[in-house]
Amino acid sequence: MDNSLIRCKRVTKEDYEKVMAIIPPSEIYNGGDYLPDYFHMLIDMPNNEMYAAVIGDKFVGFTLKTTIDNGRNVVTRAVRVSKKYAGKGIAGIMSEWMDIGGPLYRPEVIWHKFTANRTHSPLLQLTDRGIHMKTSEQDFVFYDTDKTTLQIKYNVIKKKNQSLKAEYIDVNMLGQVLASTDHKQYLFPEDEIVADYVPYMAITSNAPLIVSKRTAVVVSDFDCPQRTILSISNFYQAPIGMIFVFNVYGCLSDNIKEHLIFHFAKFLCRSMSEYIVLRGIARKWTNWTFLDNAVAELGFKRIELLWNRRCQCQKNNTTQTVEIIR
């Protein structure tokens, strides 16, 4: 495709409908797309920039660029391309905007980060060929329930568990956890923490970026690093229903039930659809038994969704010319 036909345009709040029209959100991630609900929150965050690939006056592609790690790295996410232009290299062109000579190139940015479906993604070919570097992998598991059932089960469990050892932590405390060498080897052995689909370095300066207005962070057994569990939750209303994203760091144990009690205390106060999907995320090869048991008490059942079951985080050096597979 002739690259000269494609313009790079900074997206504003007024472009919301144009972005949503690129491809129906109900067709992205089988109805699990977060962008319709997250759009305005993300565009207001100072480390996010949104761009569209434009032909004439029509948006044919979209990409979200998130700056992290003290400004040294940029994460590309929420990429989408119009069906009319699928397979014509639009996604690759938008990725190249970060390279030397591209409209979004910044010399201070060293690494361009991505997350990819481990079971099916062209990006994985770049890792296999040594063009991208794998930084970490995480496994996913899915459960679903309805709001009414969750509320009833939650009230019962909360009454039975009045004395809880887990606790909420704020941005400052999260920063201390990220900086703790004692905890890092158990919680973040790859020196990376993925929250809300963004792979951050485990450094203090990222704490304010990790915690948005929809984020809850809970920790237990902080005084014993080998037993410490850190959990982070976010949520969004997707076409399929309300998605509750639950990232867990550390070795799962019975304490995970206490974490869920804290997270759902904030989550259930929100307005939401009746159908709820819980997406559990933890390190590769996690034993999910403790989480299975805990969410079952809350009325959730394990389900199979046509989303990725394993996520691979990758990066490539923005100072090098990167070959994009089209």
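Quick check: anything in the stretch 59-69 open to solvent by less than 10 Å² (accessible area, probe 1.4 Å), of a type in the set (A, V, I, L, M, F, W, C), out of contact with any Ser or Thr (no Cβ under 7 Å at 6 or more places or on another chain) and more than 25 Å from residue 30 (Cα to Cα)? Yes; the residues of the stretch 59-69 include at least one that is open to solvent by less than 10 Å² (accessible area, probe 1.4 Å), of a type in the set (A, V, I, L, M, F, W, C), out of contact with any Ser or Thr (no Cβ under 7 Å at 6 or more places or on another chain) and more than 25 Å from residue 30 (Cα to Cα). Among the conditions (1) more than 18 Å from the chain's Cα centre (by Cα); (2) open to solvent by 60 Å² or more (accessible area, probe 1.4 Å); (3) farther than 23 Å from residue 284 by Cα, residue 175 misses just one, which is (2).
Let's see how each residue does on (1) touching a strand residue (DSSP E or B) at 6+ places or on another chain (Cβ under 6 Å); (2) crowded, with 17+ Cβ neighbours inside 10 Å; (3) of a type outside the set (Asp, Glu):
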{"site": "4", "(1), (2), (3)": "no, no, yes"}
{"site": "29", "(1), (2), (3)": "no, yes, yes"}
{"site": "41", "(1), (2), (3)": "no, no, yes"}
{"site": "72", "(1), (2), (3)": "no, no, yes"}
{"site": "77", "(1), (2), (3)": "yes, yes, yes"}
{"site": "84", "(1), (2), (3)": "no, no, yes"}
{"site": "90", "(1), (2), (3)": "yes, yes, yes"}
{"site": "93", "(1), (2), (3)": "no, yes, yes"}
{"site": "101", "(1), (2), (3)": "no, no, yes"}
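Residue pairs whose Cβ atoms lie under 7 Å apart, separated by 6 or more positions or on different chains, with the first residue in the stretch 69-93 and farther than 29 Å from residue 210 by Cβ and the second assigned to a helix (DSSP H, G or I) and of a type in the set (S, T, N, Q), are 93/3.
Residues in the stretch 288-304 that are out of contact with any strand residue (DSSP E or B) (no Cβ under 6 Å at 6 or more places or on another chain) and of a type in the set (A, V, I, L, M) were compared, and the one that is surrounded by the fewest Cβ atoms within 10 Å (Cβ to Cβ) is 296.
The set of residues in the stretch 141-172 that are assigned to a loop (DSSP other than H, G, I, E, B) and either within 25 Å of the chain's Cα centre (by Cα) or exposed (fewer than 15 other Cβ atoms within 10 Å of the Cβ) (or both) comprises 161, 162, 163, 165, 166, 169, 170.
The single condition among (1) in contact (Cβ under 8 Å) with a residue 60 or more places away in the chain; (2) more than 13 Å from the chain's Cα centre (by Cα); (3) within 21 Å of residue 270 (Cβ to Cβ) that residue 236 does not satisfy is (2).
When the residues of the stretch 75-112 are filtered to those that are part of a strand (DSSP E or B) and touching a Phe, Trp or Tyr at 6+ places or on another chain (Cβ under 9 Å), which remaining residue is farthest from residue 55 (Cα to Cα)? Per the criteria, the residue is 75. Against the conditions (1) without any contact (Cβ under 8 Å) to a residue 60 or more places away in the chain; (2) more than 23 Å from residue 32 (Cβ to Cβ); (3) buried (at least 18 other Cβ atoms within 10 Å of the Cβ); (4) charged (D, E, K, R), residue 49 satisfies every one except (3). Count of the stretch 11-55 residues, restricted to those that are farther than 17 Å from residue 83 by Cβ and either among the hydroxyl-bearing types (Ser, Thr, Tyr) or part of a loop (DSSP other than H, G, I, E, B) (or both), is 10.
The values are calculated or read from the model by the stated rules, or taken from the named source; none is laboratory data. None of the values given here were measured: they were computed from a predicted structure. Neighbour counts run over all protein chains shown; Cβ positions are idealised from the backbone, glycine included. Heads up: the accessible areas ignore ligands, DNA and RNA and are worked out on the full protein's heavy atoms, side chains in. Shrake-Rupley method; radii C 1.70, N 1.55, O 1.52, S 1.80 Å.
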